[in-house]
Amino acid sequence: MGIGKRLKEARLDRGYTQAELAGRIGVTYGAIGNYENETSHPRDTILYALINELGVDANFLFQDVMKKILPDVLSPRALRVGRAYEKAAPSVRKTVEVALEPWMSVAAFAHAAAEDTRDMPVYDMPAAAGLGNYLDSSAYATAAYPVKDIPPKADICVRISGDSMEPEISDGCVVFVETKPVIEHRQIGIFVLNNNSFCKRLVIDHGMNQVRLESDNPAYGPIVIGEDDELRTVGRVLGAAG
């Protein structure tokens, strides 16, 4: 099962016809039908546009096909509750947050107390914060990190080579990564572009109809993704180790 069922669900939830959605993201009417029927899959740039236009989380779209990578995908009921929360008045949101705070604190404490350290897969072939390196999915070792230092959604670690994401991410450090096929605008991620891996900030520029990978270090210029480029998202960077 692909993402077609969820795309259709999100489209209908927004009240769009296939033709209306196609016009909003700049594809043909038939392309939307093909995505929903799962006879074809949208490339990354179109997928980002769909997520933004439909106002959905990437986990929602991929929950049927990525269960091993995204074990904490929200249930349909939880998604409905979340949508209601987003539309609620500030006073209602505050009430919900206050009610959940004690439970969230207890859950976080119980998770941390269960074990002092956790073994994480660390990919030794570095993701470049600079010019790019190939990310070999088979080349990794394991390392133990204190549970309190590991972001809850972290799945893997990746060693960084280069200084283009300084000061937040330094050359030689290890970053915690939540593996997911799509991340949001302005988030830092690990990407594979034409078989070279990068640690960059994703920029979705609707004004220029452009997707870019940008550096935090001003010494490095942006990488503009062309129509013939093959861009794959490995995951979102949640923080640096140590």
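Every number here is computed from the coordinates shown, using simple stated rules; none is lab data. The structure displayed is predicted, hence computed values, not measured ones. With ideal geometry, Cβ positions are generated from the backbone for all residues, glycine too; neighbour counts draw on all protein chains shown.
Sequence-distant contacts, meaning Cα pairs under 8 Å at least 6 residues apart, place the relative contact order of region 117-240 at 26 percent.
Model label points for HIS206 and GLU38, set 7 angstrom from Cα along the Cα-to-Cβ axis, are 3.0 nm apart. Binning all Cα-Cα separations of region 4-73 at 10 Å, short to long from zero, yields these whole-percent fractions: 21, 58, 19, 3. Of the Cα atoms belonging to region 162-242, the radius of gyration and Dmax stand at 12.2, 38 Å.
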